[in-house]
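Enquirer: I'd like to ask some things about the structure below.
Every number in this text was worked out from the coordinates using simple rules, so none of it is lab data. The shown structure was predicted, so the numbers you read here are calculated from the model rather than taken from an experiment. Cβ: placed from backbone, ideal geometry, glycine included. Neighbour counts: every protein chain shown.
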Amino acid sequence: MGEAGGQGITVSGNTYWLAPDTEGRLVSINGAATASYVYDAVGNQVRATVGGLTTTYISNYYEWNGAAGVKYYYACAERVAMRDAGNALYFLLADTRMATQLIIPTLRAIVQSADAKRARLKAAIQPRPRPRRTTMSKEHTLKLARMEAVQTARIIRTS
């Protein structure tokens, strides 16, 4: 046990003291680095101070760190996009466990990538035109002439 009933852990030779609240949520870290966390009555984190930088969380839709904010967008209760302080829009793509795996800077990148992929697929599945033969080989011409002669002989015999 460490300070204020917390638990001490050592990482890369540095000792940190982790202090939970009565609900078991982490409320402070002391040691080589410091951090503190504040939660609302429902248990949502509303403020975090890490290394002197305080970030305030307003619902799940907005973060404010005193100088700039980040806004989040949701679709069907899933976080799908974010807009940073520079007003740049990023799309968040998640894997099946709903962990964010990829952040794409603009929708234009997705559209251009999809268009390029579609063009490659279309080119791959399109039937290639066969070259037309403009001249027949000598053997082929003789074979056709023989077939015509046989057909003509049959017609003559039956008439």
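Enquirer: Using θ = phi - 60° and the Karplus form 6.51 cos²θ - 1.76 cosθ + 1.60, what ³J(HN,Hα) does each residue of the stretch 141-148 get, whole Hz, x for Gly and Pro?
Expert: So the J values, rounded to whole Hz, are 4, 5, 5, 5, 5, 4, 4, 5.
Enquirer: When the Karplus curve 6.51 cos²θ - 1.76 cosθ + 1.60 is applied with θ = phi - 60°, which whole-Hz ³J(HN,Hα) does each residue of the stretch 34-47 get, with x for Gly and Pro?
Expert: Result, ordered by residue: 10, 7, 9, 10, 10, 10, 8, 5, 8, x, 7, 6, 10, 7 Hz.
Enquirer: Ranked from highest to lowest mean number of other Cβ atoms within 10 Å per residue, what is the order of the peptides 28-36, 78-86?
Expert: Details: 28-36: 15.7, 78-86: 13.1.
Put in order of decreasing packing, that is 28-36, 78-86.
Enquirer: Long-range amide H contacts for Asn65: which residues qualify at under 5 Å (H placed 1.01 Å from N, peptide plane, sequence gap of 5 or more or a different chain)?
Expert: Distant-sequence amide H within range of Asn65: Thr56.
Enquirer: At 7 Å along the Cα-to-beta-carbon direction for both Glu139 and Ala88, put a label point, then send me their distance in nm to one decimal.
Expert: With each label placed 7 Å out from Cα toward Cβ, I get 6.7 nm.
Enquirer: Applying 1/(1 + (r/R0)^6) with R0 = 25 Å to the Cβ-Cβ distance of Asp95 and Asn60, what FRET efficiency is obtained, to the nearest 0.05?
Expert: 0.80
Enquirer: Quick query: amide H of Thr34 versus all other amide H atoms, modeled in the peptide plane; which residues come in under 5 Å with a sequence gap of 5 or more or a different chain?
Expert: Excluding prolines and chain starts, which carry no amide H, the hits are Gly51.
Enquirer: Could you tell me the calculated FRET efficiency between Arg118 and Ala68, based on Cβ-Cβ distance and R0 = 41 angstrom, to the nearest 0.05? Let's see the in-between values first.
Expert: Details: r = 37 Å, r/R0 = 0.91.
Once the sixth-power term is evaluated, E becomes 0.65.
Enquirer: Moving to a separate point now. Quick query: amide H of Ala94 versus all other amide H atoms, modeled in the peptide plane; which residues come in under 5 Å with a sequence gap of 5 or more or a different chain?
Expert: Result for Ala94 returns Gln101.
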